[in-house]
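None of the figures in this text is laboratory data; all of them are computed from the coordinates on show. Keep in mind that this is a model prediction, so the values were computed, not measured. Backbone-built Cβ (ideal geometry, glycine too); neighbour counts: all protein chains shown.
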Amino acid sequence: MEPVTDSDGASRFVDTSAGRRGQKGPFYVVYTDQEQTTRWGFFCTNCETLDNAVDAMGRVQCNVCSNRTKAEEWDAAHE
């Protein structure tokens, strides 16, 4: 677990073993503690930020560099 600091100055912990493939680089899961009891968000490896958003389809998009993942579930009705 790698520690990073969020915009409020709090320590967060990046789990580099659990990630999702993005178009520009992977996103890693971030926790509030080293014991991984509370999941907090995602870390974009392309621009090294915690400023990311997740939509209802499970896509993660970086608000800084626009790195993004594909939807976890796909249904032809969404096309």
(message) Once R0 is set to 25 Å, what does the formula 1/(1 + (r/R0)^6) return for the Cβ-Cβ distance between K70 and A18, expressed as a FRET efficiency to the nearest 0.05?
(response) 0.90
(request) Could you work out which residue, out of T16, T37, T69, moves most in a Gaussian network model of the chain, that is, has the largest mean-square fluctuation with Cα springs under 10 Å? (result) T37
(message) Which of E48, E35 has the fewest other C-beta atoms within 10 Å, and how do the rest follow up to the most?
(response) E35, E48
(request) Order by neighbour count: S66, S17, fewest other Cβ atoms within 10 Å first, most last. (result) S17, S66
(request) Please list the radius of gyration and Dmax for the chain, considering alpha-carbon atoms only, with Å as the unit. (result) 13.0, 43
